[in-house]
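The values are calculated or read from the model by the stated rules, or taken from the named source; none is laboratory data. None of these values were measured; they are calculated from a predicted model. Reconstructed Cβ throughout: ideal geometry from the backbone, glycine too, with neighbour counts over all protein chains shown. Accessible surface areas use protein heavy atoms only, side chains included; no ligands, DNA or RNA. Shrake-Rupley method; radii C 1.70, N 1.55, O 1.52, S 1.80 Å.
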Amino acid sequence: MDIRQGIPVSTGITIGEVFLLEAEGVRIPSHFIPEGEEEHEVERLEKAFNNALAELEGLADELRKKAGQKIAEIFVAHAGMLGDESFRQEFFERIQKKNYTAEFAVARTMRHWRKLFQADDFLAPRVADLEDLERRLLKHLLGQKREELSSLQKEVILVAHDLSPSQIASMDTDKVKGFATNAGGPTSHAGIIASALGIPAVVGLGSITNDVTGGDTIIIDGGRGLVTIEPDEETCQRYSMRRQEVLESDQVLRRELKDLPSETKDGLKVSLMANIESPKEVAKAIEYGADGIGLYRTEFLYVGSKSQEAPNANNHFRAYMDALNDLDGRPMIIRTLDLGADKFSMSDNVVKERNPFLGLRSLRYCLKNPEVFEEQLRAILRASAYGNVSLMFPLVSGLEELQAAKEILNDVKKQMDDNGDEYDPDLPVGIMIELPSAVMNADVLAQHSDFFSIGTNDLIQYTLAVDRGNEHVADLYRPEHPAVLKLIKMAVEAANNAGIPISVCGEMASVVLYTVLLIGLGVHRLSLAPPQLIPEVKKIIRSIDQADAEELAKQVLSAGGPEKAREVLLDANRQLMKDKGIAPPI
Ligand code: PEP
Ligand code: MG
């Protein structure tokens, strides 16, 4: 048994069988053969070796003709390895001495070689060749019986170097019960989608792909960021019990709190909304007591789509109407496209940028591609005729940008007027506050916005210069950094002065450790995910007074540095919860 610590991005516990994406790319159906079948298994593997070898030689010949000897060398090298008798012996020994199936012998032997290559600077770039060889051998072994990610027959836990938002969005969630990746940071988009889909996930594990083999049993503890490889019986039982307990207490909390108001003991109302990526999530949000949808991330329409085409106004409209139908009059804030950086799938349509997080993304992309933008704006306006809709622009950096976006919105309204199309003429238009420049200029922006919503994921990234999706700097990504807290406070003051509502919809609103702090900073609307968290957050809110929260925020704000701020935050939360007789959030 081995335990790895990574970065928690989606809570929940799941126990299951590994599906190794890059290396094997197929499910290893079984690990061991009965005594006496070794010879037959070796023969199976030998046949697979020979078939793979013939295939590689054919490919090398073809390439030699088309592209010359140099390119063909890649396959010649692969063939050279497969033809090497001592290399083959390693696989056969695992069958003969350990009773492995041929597939498992391939997976284990190749894992051994991948580890050796990875540890050597010169050989590390060749790991992809090993992965290619492994997939080829498994293809010949499994033939028609091959279960790939798109055709899984059994539940698995996905282990991969990294997962793109579109890979996750198109996953069969009936079969993929969790995932663990080498790369990824605290608020990378992959984690956000996992959380929305309710799949426990841990990222930033470094080398998990080299530590497991397809078919191994692992446990993902998404809340604590732990991955247990080949757990013993006792650990499995402990986790199964915990999973059951969490499930039961979740249900109890939901039943007890669903219809109770979300307000502090002294009567301060704190609105709890849900973040969604797709209309399918609305029903669950309502079930857990969400007041509405505080952030509809519409990128799902792009990253979840297999086509490289942008969705048209009808695709958008249908998605919004589906959500509105389930919301039954409750409010929904639709954010316009925030594509780019970690959220882009239509890579063919976009210029490669050296620094995409500072590049042509989000609102900037929309302003440069008005035809894409207008399609969405038209759909949001159309939907506004049928429900309680607000529109929100992401990544606004200053006034002219906001004005340019609103100008396009007005143009679309005029076109719709000309066509006699209906929309809500008073559609509220707000902005996300997720850049330091927006905070510094919040007083001006507030004069031109109907509401603010703070996107702490990006605000933290751009304030602290820490890539939110990079595991190497994940320890520097600090929501409680005084610089971040001061910016939140400034944005709240600007909104209050202008008399407009302000919420937080970044992941900070979804971490119970920050609930009291945010309220103390003056944020009285939170939008979070997954909605299963709502009862827990409500419970905390209902146990405190506004003054408690303000005192806690004052202490954390005056801590000086991020390390001290975290210490103060943990202590103050523990003390407060102890006084109130409820379990501390951490
Ligand atoms: C944010 O930046 O906090 C936010 C809510 O937007 P996203 O995570 O989609 O960038
Ligand atoms: Mg953002």
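What the table shows:
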item: Sole residue being at pLDDT 90 or above and either under 24 Å from Ser151 (Cα atoms) or assigned by TED's automatic domain parsing to the domain that holds Leu163 (or both), chosen from Val42, Val18, Val26; result: Val18
item: Unique match (being buried (at least 23 other Cβ atoms within 10 Å of the Cβ) and more than 30 Å from Val106 (Cβ to Cβ)) among Thr181, Thr187, Thr213, Thr209; result: Thr187
item: Near pairs, Cβ below 9 angstrom, 6+ apart or cross-chain, from the stretch 444-466 (part of a loop (DSSP other than H, G, I, E, B)) to any residue that is among the polar types (S, T, N, Q) and more than 12 Å from ligand 1 (Cβ to nearest atom); result: His448/Gln403; Asp450/Ser390; Phe451/Ser390
item: Selected residue [among the charged types (D, E, K, R), open to solvent by less than 40 Å² (accessible area, probe 1.4 Å) and modelled with pLDDT of 95 or more] from Glu422, Glu401, Glu374, Glu407; result: Glu401
item: Any hit, the stretch 366-379, residues being in contact with a Gly (Cβ under 8 Å, 6 or more places away or on another chain), within 16 Å of ligand 1 (Cβ to nearest atom) and in contact (Cβ under 8 Å) with a residue 12 or more places away in the chain; result: no
item: Flag for His31 being open to solvent by 10 Å² or more (accessible area, probe 1.4 Å) and free of Cβ contacts under 8 Å to residues at least 24 places away in the same chain; result: no
item: Residue selected from the stretch 285-296 under the condition in contact (Cβ under 8 Å) with a residue 60 or more places away in the chain and in contact with a strand residue (DSSP E or B) (Cβ under 8 Å, 6 or more places away or on another chain), by the criterion farthest from Asn388 (Cα to Cα); result: Tyr288
item: Only one of Thr173, Thr217 that is more than 16 Å from ligand 1 (Cβ to nearest atom), β-branched (Val, Ile, Thr) and at pLDDT 90 or above; result: Thr217
item: Conditions (1) within 16 Å of ligand 2 (Cβ to nearest atom); (2) closer than 30 Å to Ala180 by Cβ: number failed by Val473; result: (1)
item: Yes/no for Gly204 being within 17 Å of the chain's Cα centre (by Cα) and over 24 Å from Met1 (Cα atoms); result: no
item: Which numbered condition Arg146 fails, given (1) under 30 Å from Ala465 (Cα atoms); (2) open to solvent by 60 Å² or more (accessible area, probe 1.4 Å); result: (1)
item: Complete set of residues in the stretch 489-518 that are among the β-branched types (Val, Ile, Thr) and surrounded by fewer than 24 Cβ atoms within 10 Å (Cβ to Cβ); result: Val492, Ile500, Val511, Val512
item: Complete set of residues in the stretch 503-521 that are within 15 Å of ligand 1 (Cβ to nearest atom) and small (Gly, Ala, Ser); result: Ser503, Gly506, Ala509, Ser510
item: Boolean, Leu435 is aliphatic (A, V, I, L, M) and farther than 19 Å from Gly340 by Cα; result: no
item: Selection from the stretch 426-441 of residues that are within 13 Å of ligand 2 (Cβ to nearest atom) and open to solvent by less than 10 Å² (accessible area, probe 1.4 Å); result: Ile431, Met432, Ile433, Glu434, Ala438
item: Residue that is farthest from ligand 1 (Cβ to nearest atom), among those in the stretch 419-443 that are free of Cβ contacts under 8 Å to residues at least 40 places away in the same chain and part of a loop (DSSP other than H, G, I, E, B); result: Gly420
item: Considering residues of the stretch 519-567 that are touching a residue at least 40 places away in the same chain (Cβ under 8 Å) and of a type in the set (Lys, Arg) only, the residue most open to solvent (accessible area, probe 1.4 Å); result: Arg525
item: Candidate set: the stretch 467-495, residues that are assigned to a helix (DSSP H, G or I) and in contact with a Ser or Thr (Cβ under 7 Å, 6 or more places away or on another chain); chosen: the one farthest from Lys564 (Cα to Cα); result: Leu487
item: Any hit, the stretch 523-531, residues being assigned to a helix (DSSP H, G or I) and under 22 Å from the mean Cα position of the chain (by Cα); result: yes
item: Close pairs (6 angstrom Cβ cut-off, 6 or more residues apart or separate chains): outside the structural domain of Leu20 (by TED's automatic domain parsing) and open to solvent by less than 80 Å² (accessible area, probe 1.4 Å) in the stretch 108-129, part of a loop (DSSP other than H, G, I, E, B) and at pLDDT 85 or above anywhere; result: Arg108/Thr213; Arg111/Thr213; Phe117/Leu123
item: Hey, Arg468 assigned by TED's automatic domain parsing to the domain that holds Leu409, within 16 Å of ligand 2 (Cβ to nearest atom) and basic (Lys, Arg) or not; result: yes
item: Residues that are open to solvent by 90 Å² or more (accessible area, probe 1.4 Å) and within 31 Å of the chain's Cα centre (by Cα), drawn from the stretch 572-586; result: Arg574, Ile586
